Amino acid sequence: MPESRSFHEVVRNRRSVRSFLPTALNANLLRAVADDARHTPSNANIQPWQVHIVSGETRNRLSRAMLEAEAKGRMTPDFPFSYGEFYGPYRERQKAQGAAYYQALGVAIEDFDERRSTMLKNLEFFGAPHVCLLFMPAFHSVRIAGDVGMYGQTFLLALEAHGLGGVPQTLLGFFADTAREVLGIDPAMKMLFGISFGYPDMTSAASRYRIEKAPVDETVTFHH
Ligand SMILES: Cc1cc2nc3c(=O)[nH]c(=O)nc-3n(C[C@H](O)[C@H](O)[C@H](O)COP(=O)(O)O)c2cc1C
């Protein structure tokens, strides 16, 4: 029973999965993941997440529309994001992650075309049969975005606990207008990121790739 795995095992086994089997989850399993994720804490319990789980033909339409938008340079992020602001250890970790990922895939860092097609796989949801898009009202506090981030982690841990896998994707948030148009979502709802998910394809290098995390003492200070 996947649900009986210990928290220790679930939280350590979770990783970003970027290759999936085409097999769709049945409706009960999709609902069970969403039912786990709704237990996420939030500021004043406002539960600001508005979650869209997209499957089947609508998933295919969404992917096509995002690829078309990308080809036309139509990026419409609701929230800014720039690698340029990362410095020191943050920049080092970002660079190490990119280098390790491309190395695992056998993509040379200077091969721009190959890196671009790797990037575009984000918009094909890495072959996942489902994608979950996380929207929120346009509240101006980063604290509320933090709530939605927490929802994302609960969702990812729920996937892991059910023997599934997923990858959070800021890149999908660069196509917020496209997602709203395809799915008929109120323009007042702003998209933070998406999570492609399904059954992991563990034969692929993209799934076996694993990135290390900083040791406790690098990020945690214990005060007595
Ligand atoms: C909010 C968020 C957005 C992310 N966006 C992307 C993305 O657009 N594309 C991608 O391939 N990975 C994305 N990632 C995955 C990170 O690269 C990954 O979490 C990190 O390297 C740590 O690896 P792990 O998830 O396997 O522990 C994102 C992660 C988070 C938390």
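Summary table below
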{"item": "At q = 0.16, 0.28 Å⁻¹, base-10 log of I(q)/I(0) for region 179-224 (Debye sum, equal scatterers on each alpha carbon)", "result": "-0.80, -1.06"}
{"item": "GNM top mover of ILE109, ILE144, ILE195 - the chain, alpha-carbon springs below 10 Å", "result": "ILE109"}
{"item": "Solution diffusion estimate, µm²/s, Stokes-Einstein, region 56-158, Kirkwood Rh from C-alpha pairs, 25 °C, viscosity 0.890 mPa s", "result": "149"}
{"item": "Fewest-first ranking of MET119, MET150, using other Cβ atoms within 10 Å as the exposure measure", "result": "MET119, MET150"}
{"item": "Residues HIS162, HIS8, sorted so that the one with the fewest Cβ neighbours within 10 Å comes first", "result": "HIS8, HIS162"}
{"item": "Mean separation of Cα contacts under 8 Å (6+ apart) over length of region 153-224, as relative contact order %", "result": "31"}
{"item": "Loop-resident sites, region 73-119, for trypsin sites (Lys or Arg not before Pro), counting at most 10 other Cβ within 10 Å (DSSP)", "result": "none"}
{"item": "Check: region 146-218 dipole with +1 on Lys, Arg Cβ and -1 on Asp, Glu Cβ, in debye", "result": "160"}
{"item": "Sparse-neighbour loop sites [GluC sites (Glu not before Pro); region 121-224; at most 14 other C-beta within 10 Å; DSSP]", "result": "GLU212"}
{"item": "Enclosed volume per residue, in Å³, of the convex hull spanned by Cα atoms of region 50-106", "result": "166"}
{"item": "Evaluated at q = 0.16, 0.18 Å⁻¹: base-10 log I(q)/I(0), Debye formula over Cα of the chain", "result": "-1.31, -1.64"}
{"item": "Along each principal axis, Cα extent of region 15-90, largest first, Å", "result": "42, 38, 25"}
{"item": "Among TYR199, TYR151, TYR90, residue whose mean-square fluctuation peaks in a GNM of the chain (springs only between Cα atoms under 10 Å)", "result": "TYR90"}
{"item": "Under-5 Å amide H pairs with ASP201, H placed in peptide plane, nonlocal only", "result": "SER19, PHE20, LEU21"}
{"item": "Net charge dipole size for region 10-109 [Lys, Arg +1 and Asp, Glu -1 on Cβ; Debye, nearest 20]", "result": "220"}
{"item": "Residue among SER207, SER63, SER117 with the largest mean-square fluctuation in a Gaussian network model of the chain, springs linking Cα atoms under 10 Å", "result": "SER117"}
{"item": "Cubic angstrom per residue, convex hull over Cα atoms of region 103-210", "result": "127"}
{"item": "Given charges at beta-carbon only (K, R positive; D, E negative), |dipole| of the chain in Debye", "result": "100"}
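Read the figures in this text as sums done on the coordinates, not as results from a lab. Predicted model only: the values in this text are computed from it and were never measured. As a convention, Cβ positions derive from the backbone with ideal geometry for all residues, glycine included, and neighbour counts pool all protein chains shown.
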